[in-house]
1. Looking at segment 107-117, which of its residues are surrounded by 17 or more Cβ atoms within 10 Å (Cβ to Cβ) and in a helix (DSSP H, G or I)?
2. Identify all residues within segment 118-135 that are among the hydrophobic types (A, V, I, L, M, F, W, C) and part of a loop (DSSP other than H, G, I, E, B); write none if there are none.
3. Please state which one of Ile211, Ile190, Ile172 is surrounded by 15 or more Cβ atoms within 10 Å (Cβ to Cβ) and out of contact with any Gly (no Cβ under 9 Å at 6 or more places or on another chain).
4. Hey, does segment 54-65 have a residue that's more than 46 Å from the chain's Cα centre (by Cα), farther than 30 Å from Glu142 by Cβ and not small (Gly, Ala, Ser)?
Amino acid sequence: MSQPLECTFDKNYLSKATILYIEADDNIRENASSIFAGFFKKVLVCQNIDEAQKVFANNKVEIDIVLLDVDMPDLGGIKILSKIRELDWNLPILITTSFSEINLLLKAIKFNLTNYIAKPMQLNTTLKIMSDTIKKIEDEKELAIKNNELRQFMSILDSNNIICELDLNFKIESANDLFLINSGFGLDEIIGKDFNDKVIFHHSDISDFEIKELLTKGKTWVGLCKKMTKDGEFYNTYSTILPIFHNNGKVKKYIEFSTLTTRYEKEILSLKKHIMSLKSENFKTNSELRKEKEHYASLSAKLQKQVDDSVNSAQGIVFELYEAKKRNNKLLEKLKIQEQRFDEFQASVLCG
């Protein structure tokens with residue numbers, strides 16, 4: 001029991017798990033539990049049915065796996081199995097057995113055993129079996145989470161997209177409510193319709209044949225489509241058609257996800273008209289503003305000319321007044337000289 005172990009299992013799974021170990025033999029229980037303690041997050045150890053029943057009842061929420069010696073006296077191992085399964089049918093339970101009584105093993109198997117380990121128990125093998133068991137449970141939980149996320153994702157897609165499924169011959173197998181509402185067809189009317197039937201009438205840059213060839217190669221096609229309703233009217237979609245594969249990599253079927261674009265195209269056209277109207281009004285306003293600007297520029301030029309003319313005229317007048325003043329000053333000087341001369345003449349006459 002105490003031989004060194006060559007690790008052939010993933011210790012990470014064990015390190016996150018709690019084990020309930022039930023073993024009647026004292027030596028086996030002590031040796032094995034001491035080794036389990038080095039690998040498991042928590043080890044709960046019991047030696048009889050009463051102890052095991054109490055420990056399980058108090059810790060059932062955190063117990064991840066049970067290792068049980070089924071060869072206990074008075075069918076004690078079977079009784080413990082029965083009690084545990086009354087509370088939890090799916091909890092992984094491994095049994096150790098010597099196969100001395102086949103009937104005992106057959107009784108144990110009825111309680112949904114996960115696996116069995118032959119006595120004497122090889123700890124390395126036992127730890128590997130438990131590690132693989134816990135890993136499988138973790139993988140199943142992860143898969144369940146992903147499946148739930150996938151269902152939610154598909155539910156969102158189904159509520160917001162026009163969806164139809166095509167078989168390998170590109171015949172319609174099924175369609176969701178949005179497809180039926182927009183097309184006006186009943187489900188029984190479109191089952192078996194071909195990919196290039198007017199129910200799925202593609203207007204794109206490439207032909208239906210090229211789209212089929214692309215899809216059969218495992219590739220995805222994305223583009224604009226034009227589909228016809230039961231009443232003969234057209235509606236437009238933006239579509240993605242992709243292959244769905246089997247686990248072996250072969251194409252299983254094709255699915256088309258479409259978003260209705262007819263309404264948006266009308267809204268875009270209306271928006272374009274509104275923009276053109278705004279541009280037209282803006283051009284008209286700009287033209288009027290340009291005319292007003294030209295008018296005010298012309299008026300400003302005229303006023304500036306008048307100001308310039310007035311300034312030039314005023315400057316001319318000032319210059320003329322200056323020249324006149326100069327001439328007047330000269331005349332006054334001449335007059336003063338003449339008066340002086342006259343006074344001198346008059347004085348000379350009187351004296352003579």
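Here, each number is a calculation from the coordinates, and none is a lab measurement. All values derive from a computational prediction rather than experimental measurement. No Cβ is skipped: glycine too gets one built from the backbone with ideal geometry, and neighbour counts run over all protein chains shown.
1. Ala108
2. Selection gives Met121 alone.
3. Ile190
4. Yes, the conditions are met somewhere in segment 54-65.
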